[in-house]
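*Asks:* Provided herewith is a single structure, encoded as structure tokens, for subsequent inquiry.
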Amino acid sequence: MAKILHRPAAKTRRPVGPALLDRVSWDDLRIFAVAGKELSLRKAAVALRTSSSTVVRRIERLESILGVRLFDRLPDGVALTAEGRSVLAAAQEMERASLGVRAQLDQEMSRRGLVRCAVTEGLGTFWIVPHLVQFSRANPHTIVDLRCSSQSADVLRMEADVAVQLARPDRPDQVVTRLGRLHIYPFASRNYVETYGLPKSAQEMIRHRLVHQTGPQLDDSPWPRLLGLPDFERLVIACTNASASHFYAVELGLGIGALPTYAMPLGADLVPVDVGFQHHMDIWMTYHLDIRSVKRVAVFIDWLRSLFDAKKFP
């Protein structure tokens, strides 16, 4: 990686004007823009879901075409050179311009168009999808691309038009709105209760079986804190990273599991387990500053807000 960071600016004669623009790849500029925001080639590679060597190679190619060095190396990452700051500003302007073009081309709601929404798997599968019927009837020409994943999407790099997540975004250059609060409570199926009984306290929980969900945006601390067991895993009979698998494992009687309280209206035959366990997580919506200029996306964002209205869905 030192090769790219210590190489002097190119001395060769480089194309100018339209000839230069013809040779510059927008994809290379996009990769550089991510590295410029992260100020770390390794973090940029993680964000782009590619390898560090690919990021280095693409930035090297961009530097060669532009004839300038874009980064300087620091002990804890990289720093933009003066030329790098100028190129980053231009790349960000190109991002905004692309949104402007989309806003102009996607004004007519009577034409087919796409909205991309990234959301955690549980909220997407069990909360948003059941309500999509009403949105689709009101907006029959809008295609909703719902990407359900525990991994957060980067709306600044246009991985999604809007994202709903449990981890609060900390980037200052995006809109962040708290949609509501996800209340989590332990549940067991009636089949489980008939087989193993129902614990009446945290102390009795140590004689029961747990189904546990793990994931990037989930908090693992409530169960150990409640039970006072640093090795609470010995109670776990099954562990999964998928909300659907976790829900069905509890519903089928495999064990007691901590589920969002909206599990009750889903129709599952579940019994609340009152052992003093209460947990909540805030739900956040985030999107690019300029994405509301796209009317179709603005309509979808307003509809998403309505899904988490505490007066309608307490």
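*Asks:* Taking the residues in the range 119-136 that are in a helix (DSSP H, G or I) and of a type in the set (S, T, N, Q) as candidates, determine which candidate is nearest to ALA167 (Cα to Cα).
*Replies:* Taking the range 119-136 as the starting set, the residues that turn out to be in a helix (DSSP H, G or I) are 121-136.
Remaining after also requiring of a type in the set (S, T, N, Q): 125, 134, 136.
Values: THR125: 18, GLN134: 28, SER136: 28 Å.
Ranking the qualifying residues of the range 119-136, first place goes to THR125.
*Asks:* For THR54, state whether it is among the β-branched types (Val, Ile, Thr), closer than 30 Å to ALA153 by Cα and either at pLDDT 80 or above or open to solvent by 60 Å² or more (accessible area, probe 1.4 Å) (or both). Steps first, please.
*Replies:* On the way: among the β-branched types (Val, Ile, Thr): yes; closer than 30 Å to ALA153 by Cα: yes; either at pLDDT 80 or above or open to solvent by 60 Å² or more (accessible area, probe 1.4 Å) (or both): yes.
Here the answer is yes, as THR54 does meet what is asked.
*Asks:* Further question: Could you grab me the full set of residues in the range 256-311 that are of a type in the set (Lys, Arg) and closer than 18 Å to THR177 by Cα?
*Replies:* Initial filter on the range 256-311 (of a type in the set (Lys, Arg)): 292, 295-296, 305, 311.
ARG292, ARG305, LYS311 - these are the residues of the range 256-311 that are of a type in the set (Lys, Arg) and closer than 18 Å to THR177 by Cα.
*Asks:* Checking the structure you have, find out if any residue of the range 190-197 is closer than 30 Å to LYS312 by Cα and at pLDDT 90 or above.
*Replies:* Here is the first cut: in the range 190-197, the ones closer than 30 Å to LYS312 by Cα are 190.
With at pLDDT 90 or above added as a condition, the list becomes 190.
Yes; the residues of the range 190-197 include at least one that is closer than 30 Å to LYS312 by Cα and at pLDDT 90 or above.
*Asks:* From the residues in the range 104-118 that are over 17 Å from the mean Cα position of the chain (by Cα) and in a strand (DSSP E or B), which one is modelled with the lowest pLDDT?
*Replies:* GLY113
*Asks:* The conditions are (1) under 29 Å from the mean Cα position of the chain (by Cα); (2) farther than 17 Å from ASN191 by Cα, and TYR248 fails exactly one of them. Which is it?
*Replies:* Only one criterion is unmet by TYR248, namely (2).
*Asks:* Count, please, the residues in the range 262-314 that happen to be part of a helix (DSSP H, G or I), at pLDDT 85 or above and open to solvent by 60 Å² or more (accessible area, probe 1.4 Å).
*Replies:* Counting residues in the range 262-314 that are part of a helix (DSSP H, G or I), at pLDDT 85 or above and open to solvent by 60 Å² or more (accessible area, probe 1.4 Å) gives 4.
*Asks:* Scanning the range 74-91 for residues that are among the charged types (D, E, K, R) and either within 21 Å of TRP26 (Cβ to Cβ) or in a strand (DSSP E or B) (or both), which turns out least open to solvent (accessible area, probe 1.4 Å)?
*Replies:* Kept after step one, since they are among the charged types (D, E, K, R), are these residues of the range 74-91: 76, 83, 85.
With either within 21 Å of TRP26 (Cβ to Cβ) or in a strand (DSSP E or B) (or both) added as a condition, the list becomes 83, 85.
Numbers: GLU83: 86, ARG85: 136 Å².
Ranking the qualifying residues of the range 74-91, first place goes to GLU83.
*Asks:* Among residues belonging to the range 232-252 that are in contact (Cβ under 8 Å) with a residue 24 or more places away in the chain and surrounded by 18 or more Cβ atoms within 10 Å (Cβ to Cβ), point out the one that is nearest to ARG181 (Cα to Cα).
*Replies:* If we take residues in the range 232-252 being in contact (Cβ under 8 Å) with a residue 24 or more places away in the chain and surrounded by 18 or more Cβ atoms within 10 Å (Cβ to Cβ), then SER243 is nearest to ARG181 (Cα to Cα).
*Asks:* Say whether the condition of being surrounded by 13 or more Cβ atoms within 10 Å (Cβ to Cβ), at pLDDT 90 or above, among the polar types (S, T, N, Q) and under 30 Å from ALA298 (Cα atoms) is met by at least one residue in the range 119-129.
*Replies:* Yes, the range 119-129 contains a residue that is surrounded by 13 or more Cβ atoms within 10 Å (Cβ to Cβ), at pLDDT 90 or above, among the polar types (S, T, N, Q) and under 30 Å from ALA298 (Cα atoms).
The values are calculated or read from the model by the stated rules, or taken from the named source; none is laboratory data. Predicted model only: the values in this text are computed from it and were never measured. Cβ atoms come from the backbone with ideal geometry, glycine included; neighbour counts cover every protein chain shown. These area figures cover heavy atoms from the full protein model, side chains too; ligands, DNA and RNA do not enter into them. Shrake-Rupley method; radii C 1.70, N 1.55, O 1.52, S 1.80 Å.
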